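Peer 1: First the structure, which I've put down as structure tokens, then a few questions once you've had a look.
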Amino acid sequence: MTRARILPILLLLCGSAAATQLVLEGSPGAAVAILLVFVPLAGVNSPLVFPRSISALEAHDRSAVDGRPVVFWRPGCTYCLRLRIRLGRRARQAHWVDIWRDPEGAAAVRTANAGNETVPTVVIAGQPHTNPDPTWLREQLSRSN
């Protein structure tokens, strides 16, 4: 099991355990309420919310051809989630690299951020931008099409 899936699975297990206990105690309404909290939390911390991740090398090669930005991210990062949500459908236009799955991606982020794995880090035309404004990135995505 990868690090990216541990948090969502733990959230689902904890929510399920708490809901089961509440059902056994005769409180099905409270059980549903608990599930309505834990399931969305697991969802937003899941790597499934993000476009399919590719390797840093593949993202670099694709970006060189099509000029689209490369977004380095990791599951559980609230800033990455904010960026993903604010980009909406345009998020699929960028090349996404999960630094927890790709050691080269993590190394690229550390190089761009003085040794820190600060995400999201967006690389456009070889220039890294740490935690960029989603509106600015949306404009960059519009230009790359």
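Peer 1: What value, in deg cm²/dmol to 500, does the helix sum -39500 (n - 2.57) over DSSP H runs of n ≥ 4 give at 222 nm once divided by the residues of the chain? Can you show the working numbers first?
Peer 2: Details: 6 runs with 81 residues, N = 145.
Helix-only estimate at 222 nm: -18000 deg cm²/dmol.
Peer 1: Report the Rg/Rh value for the chain, based on alpha-carbon coordinates and the Kirkwood definition of Rh.
Peer 2: Numbers: Rg = 18.0 Å, Rh = 16.4 Å.
Rg/Rh: 1.10.
Peer 1: Report the percentage of all Cα-Cα pairs in segment 1-78 whose separation exceeds 22 Å, rounded to a whole percent.
Peer 2: When all Cα pairs of segment 1-78 are counted, 45 percent exceed 22 Å.
Peer 1: A further question on this structure: In debye, nearest 20: dipole of the chain around its Cα centre with unit charges on the Cβ of K, R (+) and D, E (-)? Numbers along the way, then the final one.
Peer 2: Values: 16 positive and 10 negative charges, 67 e Å.
Once rounded to the nearest 20, the dipole reads 320 debye.
Peer 1: Which order results if Ser55, Ser63 are arranged by neighbouring Cβ count within 10 Å, fewest first?
Peer 2: On the way: Ser55 16, Ser63 19.
By the 10 Å Cβ count, ascending, the order reads Ser55, Ser63.
Peer 1: Also, I was wondering about something else. Going 7 Å from the Cα of Arg62 toward and past its Cβ, which residues in segment 76-94 have a backbone nitrogen under 13 Å from where you end up?
Peer 2: Inside the label zone: 91-94.
Peer 1: Please report, in Å, the Rg and the Dmax of segment 60-145, where both are computed over Cα atoms only.
Peer 2: Expressed in Å, the Cα Rg and Dmax of segment 60-145 come to 11.7, 32.
Peer 1: Using the count of nearby Cβ atoms within 10 Å as a rough guide to exposure, how do Trp73, Trp136, Trp100 rank from fewest to most? Walk me through the intermediate numbers first.
Peer 2: Details: Trp73 27, Trp136 12, Trp100 20.
Lowest to highest Cβ neighbour count: Trp136, Trp100, Trp73.
Peer 1: Find, to one decimal place in angstroms, the Kirkwood hydrodynamic radius of segment 3-48, where the mean of 1/r is taken over every pair of different Cα atoms and then inverted. Show your work: numbers first, answer last.
Peer 2: On the way: mean 1/r = 0.0945 Å⁻¹.
About 10.6 Å for segment 3-48.
Peer 1: Would you work out the relative contact order for segment 1-126, in percent, from Cα pairs under 8 angstrom that are 6 or more residues apart? Don't skip to the answer; put the middle values down first.
Peer 2: Numbers: 164 pairs, mean separation 32.3, N = 126.
RCO, segment 1-126: 26 percent.
Every number in this text was worked out from the coordinates using simple rules, so none of it is lab data. Note that the coordinates shown come from a computational prediction; the quantities given were computed from them, not determined experimentally. Glycine also receives a Cβ, built like all others from the backbone with ideal geometry; neighbour counts cover every protein chain displayed.
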